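Peer 1: Before anything else, here's the structure in question.
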Amino acid sequence: MRTGHFKESPSQLIALSDSKVVWGWVGGLLCLMLAMPYLVGVYGLTLVVSALIAVIGAVALNMLTGQTGLISLGQAGFLAVGAYANAILLTDYAWPVWLTLPAAGLTSAAISILVGVPSLRLKGLYLAITTLAFSFIINHVILYAEALTHGPNGVFVKGARMFGFDVQKGLPLYYLALALTVATVLAGLNLSRTRIGRAWLAIRDHDIAARVMGIDLVRYKLLAFAISSFFVGIAGALMSLQIRFVNVDVFALILSIEALAIIILGGLGSVAGAVLGAVFLSFLPEGLRLFFALVADPNSTFYTNYVYEIRGIAYGAVIVFALRFKPEGLIGIWRDARKYWSNWPLAY
Amino acid sequence: MDFLLLLIATGLVSGAAYGLIAMGFALIYKSTGVVNFAQGELVMLTAYIAFSLSNTLHLSFLPLVLVTVPISMAVGLVLERVFIRPMLGEPIFAIVMATVGLAVILRGFIIIVWGSQPFNFDAGISSTVVMIGTIPFYPAQLYLIAALALVVLAMWLFLRFSRYGIAMRAVAANETAAMLVGVSVSRIHALAWMLSAGIAAIAGLLFAANFKLAPDIWFQGLRSFPAVILGGMDSVVGAAAGGLIIGVIENLSQGYVGEGMREIAGFIVIILVLMVRPFGLYGSRDIERV
C-alpha cells in the first residue's frame with residue numbers, strides 16, 4: 001500500500017505523470033498503435049481509423065460539455081463544417097492537405113463562435129436546444145448554398161496527398177489519424193491543467209462563483225466553443241478523407257447523440273474517459289455483428305435488415321444503463337479497480 | 001390575399017400539430033423539470049399503436065381516440081416507471097440524457113416492429129374537402145385544430161380547478177414545499193407522463209391522418225421545440241399558442257422566401273427569441289443569466 005505521494009520539485013508538478021509505470025504503459029500502447037496496421041487486416045484498419053476519429057471528436061466534445069459544462073447537441077453540425085471545408089478546399093481549390101486540415105478546424109471554430117455568441121446568455125437545456133437548432137441551420141445552409149457546397153449532390157474528396165503519399169486510404173491515412181489523435185489527446189490533457197482549463201472547470205462547477213472570482217465568462221465560454229470546435233472540425237476533415245464523399249445525410253442528429261453517448265459512457269470531464277468511451281462505442285457495432293453471427297440462426301436476416309435500428313437501440317441502451325448504474329462512466333470503473341488493487345487487502 | 005389566407009390557414013393546421021406536441025413537452029417540463037427528448041417518439045409510438053388498433057378493431061374516429069388515449073397513457077406510465085423513475089434524484093442533465101437514450105431506443109423499436117415503409121392511415125376521418133369561406137380544408141385538418149382547442153381547454157380546466165391539477169402546479173412551483181404539504185410528488189410525475197402520453201396520442205393520431213404514418217414522425221418532436229421555447233417551457237397553454245405562431249411563421253416564410261425556409265424558420269425564431277427573452281413569451285422568469 002502506498003503511504004504517500006510526494007512532489008519535491010516544480011518539474012514533478014508540471015509533468016503529465018510522474019509515474020514510470022504509467023509512462024511505460026503509454027509507451028507500450030504507442031508501440032502497439034504504431035504496429036497496428038501489421039496486426040489487423042485492411043477491414044480492421046478501417047475500423048481503427050474510425051475509432052481514432054471518434055476519439056478526436058470525443059476529446060473535443062469533452063472540453064465543451066465535460067469540462068465547461070456547456071451541453072452541445074450540435075456536434076454533427078461542426079463535424080459537417082469541418083468535413084465540407086476540407087472537401088471543398090481539396091477538390092475545388094486544390095489546396096494541399098497540410099493546409100486544408102487546419103483550415104477545416106479554423107472554419108469550424110469560426111462558425112462555432114457565431115453559435116457561441118447567442119448561446120452566452122443560455123444555460124443547460126436551453127443551450128442544448130440552441131445548439132441543436134444551429135446544427136439544423138448549418139445542414140440547411142449546406143444544402144441550399146449550392147454554388148459553394150454542391151448542395152444535395154455532395155462533394156467527392158480527391159487529391160489528398162501528403163509527402164507523396166495518398167492519405168485517403170491504408171497506412172498513410174492511419175498514421176495521419178494516429179498523429180492527429182495523439183496531438184488532440186495531448187492538447188486535451190494539457191489544456192485542462194492550464195489557466196484556461198481551470199477556468200472551464202470553475203465555470204462548470206458554478207458559473208456565478210467563477211464570475212465573482214474574476215473569470216471572464218464570455219471569453220472562456222467562447223474559447224471553449226472555439227477550441228472544441230477546432231478539433232471537431234479536424235475530426236470532420238479526417239472523416240471526409242476516410243469516406244471520400246461528403247453529403248449532408250452523413251451528419252445526421254444521431255451523430256451528435258453518439259458523441260454525447262461516448263463522453264457519458266466514458267465519464268464526463270475526463271480525457272481518458274472520452275478515449276475509452278470512443279473506443280468502446282466505435283467497436284460496439286462490430287461487437288453486435290459478431291454477437292448476432294454467433295447467436296442468431298445463420299439464415300435469419302434480422303440483423304442485416306435492421307442493422308441501423310439495432311445499432312441505435314444499442315446506443316440508447318448504453319446511455320440509459322451508463323447513466324443509471326455507473327454515472328462516473330468507464331473511467332469510474334477503472335478508478336475503482338485501481339483503488340481496490342492498491343488498497344488490497346483492505347476494503348478502503 | 002387568397003394566397004396569404006391559404007398560407008395562414010395551413011400554417012395554423014401544422015401549428016396545431018406543433019402545439020399539441022409542445023403541450024406534451026411543457027406538461028412534463030412543468031412538473032418534473034425534465035425536457036423529454038423522447039416526446040416525438042412518444043407521438044410516433046402512439047400513432048402506430050392507434051394504427052394497429054384501427055386495423056384490428058375497425059373503429060371510427062371518436063371511439064378510436066377513446067381507445068387509444070388510455071392505452072397510450074398506460075404506455076407513458078410504463079416508460080416513466082422503467083426509464084425515468086429509477087433516475088429520481090440524479091442531476092437533471094442525467095435524466096434528460098436518459099430521455100435521449102429512450103428516444104433512440106423507441107425509434108429502433110418502432111421500425112423493427114412496424115417496418116420502415118410508410119402507411120396511409122385515415123383514422124376513420126373522411127377526405128371530402130370542406131370549404132370555409134374561400135379556403136378549402138380537409139376534415140382531418142379541422143379535426144386537428146379542434147383537437148388543439150379542446151385539449152387546451154381541458155388542460156386549462158384541469159390545471160386550474162382539479163385537485164390533481166392544483167397539486168401539479170404546486171409541484172412545479174416548489175417540489176419540496178409540495179411534498180411537505182402532503183402532495184405525492186412521484187405520483188404527480190407519473191401523472192404528468194401519462195397526460196403527456198395521452199396528448200401525444202391525440203397529436204400522433206391526427207398528424208398521421210393529416211400526412212402519413214411513417215417512422216420519421218419523431219422529427220416533429222424536434223420541430224416542436226421552437227413552439228415550446230416560444231411559449232415558455234413551463235407554460236402548457238403558452239406552448240399551444242407558440243405552436244400556432246411557429247406554424248404560421250414557417251408557412252409564411254416558405255411561401256414568400258422559399259428555399260426550404262419551412263425547415264428552419266422555427267429554429268431561427270427560437271434563436272432570436274432566446275436572445276431577447278430567454279424565458280419565452282409566457283414562461284416564468286427563472287432562467288439565470290450568466
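The values are calculated or read from the model by the stated rules, or taken from the named source; none is laboratory data. Values in this document were obtained by computation on a predicted structure and should not be read as measured data. Cβ: placed from backbone, ideal geometry, glycine included. Neighbour counts: every protein chain shown.
Peer 1: I'm checking my understanding of the structure. Among residues of the range B:116-137 that are surrounded by 12 or more Cβ atoms within 10 Å (Cβ to Cβ) and modelled with pLDDT of 85 or more, which one is nearest to B:Ile217 (Cα to Cα)?
Peer 2: The selected residue is B:Pro118.
Peer 1: Follow-up. Assess whether B:Ser126 counts as being more than 14 Å from chain A (Cβ to nearest Cβ), over 22 Å from B:Met23 (Cβ atoms), polar (S, T, N, Q) and in contact with a Leu (Cβ under 7 Å, 6 or more places away or on another chain).
Peer 2: no
Peer 1: I need the full set of residues from the range B:167-195 which are of a type in the set (Val, Ile, Thr), in a helix (DSSP H, G or I) and surrounded by 14 or more Cβ atoms within 10 Å (Cβ to Cβ), in order please.
Peer 2: B:Val171, B:Val185, B:Ile188
Peer 1: Please tell me if A:Ala83 is more than 14 Å from chain B (Cβ to nearest Cβ), touching a helix residue (DSSP H, G or I) at 6+ places or on another chain (Cβ under 8 Å), under 24 Å from A:Ala160 (Cα atoms) and in contact (Cβ under 8 Å) with a residue 40 or more places away in the chain.
Peer 2: It is true that A:Ala83 is more than 14 Å from chain B (Cβ to nearest Cβ), touching a helix residue (DSSP H, G or I) at 6+ places or on another chain (Cβ under 8 Å), under 24 Å from A:Ala160 (Cα atoms) and in contact (Cβ under 8 Å) with a residue 40 or more places away in the chain.
Peer 1: Another question, then. Keeping to the range A:87-131, report how many residues are part of a helix (DSSP H, G or I), among the aromatic types (Phe, Trp, Tyr) and either more than 14 Å from every other protein chain (Cβ to nearest Cβ) or closer than 15 Å to A:Phe225 by Cα (or both).
Peer 2: 1
Peer 1: Could you tell me which residue of the range B:196-221 is surrounded by the most Cβ atoms within 10 Å (Cβ to Cβ), considering only residues that are among the polar types (S, T, N, Q) and either in a strand (DSSP E or B) or within 12 Å of the chain's Cα centre (by Cα) (or both)?
Peer 2: Here the residue is B:Ser196.
Peer 1: Name every residue in the range B:141-151 that is surrounded by fewer than 20 Cβ atoms within 10 Å (Cβ to Cβ) and within 17 Å of the chain's Cα centre (by Cα), in order of residue number.
Peer 2: B:Ile145, B:Ala146, B:Ala149, B:Leu150, listed by residue number.
Peer 1: Among the helices (runs of 4 or more DSSP H) confined wholly to the range B:1-89, which include 3 or more residues that are among the hydroxyl-bearing types (Ser, Thr, Tyr) and touching a residue at least 40 places away in the same chain (Cβ under 8 Å)?
Peer 2: Hits in the range B:1-89: B:2-32, B:39-57.
Peer 1: A:Leu276 - would you say it is within 23 Å of A:Arg204 (Cβ to Cβ) and in contact with a Ser or Thr (Cβ under 8 Å, 6 or more places away or on another chain)?
Peer 2: When the stated conditions are applied, A:Leu276 does not pass them.
Peer 1: Shifting gears a bit: In the range A:176-199, which residues are away from chain B (no Cβ under 14 Å), farther than 30 Å from A:Phe163 by Cα and touching a Leu at 6+ places or on another chain (Cβ under 9 Å)?
Peer 2: Within the range A:176-199, A:Ser192, A:Arg193, A:Ile196, A:Gly197 qualify.
Peer 1: Give me the pairs, please: first residue somewhere in the range A:206-231 and more than 11 Å from chain B (Cβ to nearest Cβ) and within 21 Å of A:Ala76 (Cβ to Cβ), second residue anywhere and part of a helix (DSSP H, G or I) and among the aromatic types (Phe, Trp, Tyr), beta-carbon distance under 7 Å, and either six or more positions apart or on two chains.
Peer 2: A:Ala224/A:Trp200; A:Ser229/A:Phe78
Peer 1: Among (1) out of contact with any Leu (no Cβ under 8 Å at 6 or more places or on another chain); (2) within 28 Å of A:Leu323 (Cα to Cα); (3) away from every other protein chain (no Cβ under 14 Å), where does B:Ser52 come up short?
Peer 2: (2)
Peer 1: I need the full set of residues from the range A:1-40 which are part of a loop (DSSP other than H, G, I, E, B) and exposed (fewer than 10 other Cβ atoms within 10 Å of the Cβ), in order please.
Peer 2: Across the range A:1-40, the qualifying residues are A:Met1, A:Arg2, A:Thr3, A:Gly4, A:His5, A:Phe6, A:Glu8, A:Ser9.
Peer 1: Okay, moving on. Considering only the range B:129-147, I want to know if a residue exists there that is within 10 Å of chain A (Cβ to nearest Cβ), in a loop (DSSP other than H, G, I, E, B) and either touching a Ser or Thr at 6+ places or on another chain (Cβ under 6 Å) or not β-branched (Val, Ile, Thr) (or both).
Peer 2: Within the range B:129-147, not a single residue is within 10 Å of chain A (Cβ to nearest Cβ), in a loop (DSSP other than H, G, I, E, B) and either touching a Ser or Thr at 6+ places or on another chain (Cβ under 6 Å) or not β-branched (Val, Ile, Thr) (or both).
Peer 1: Could I ask something else about it? Restricting attention to the range A:328-348, does a residue exist that is closer than 25 Å to B:Leu79 by Cβ, more than 18 Å from the chain's Cα centre (by Cα) and within 14 Å of another protein chain (Cβ to nearest Cβ)?
Peer 2: No.
Peer 1: Within the range A:246-267, can one find any residue that is within 14 Å of another protein chain (Cβ to nearest Cβ), outside any helix (DSSP H, G or I) and buried (at least 24 other Cβ atoms within 10 Å of the Cβ)?
Peer 2: yes
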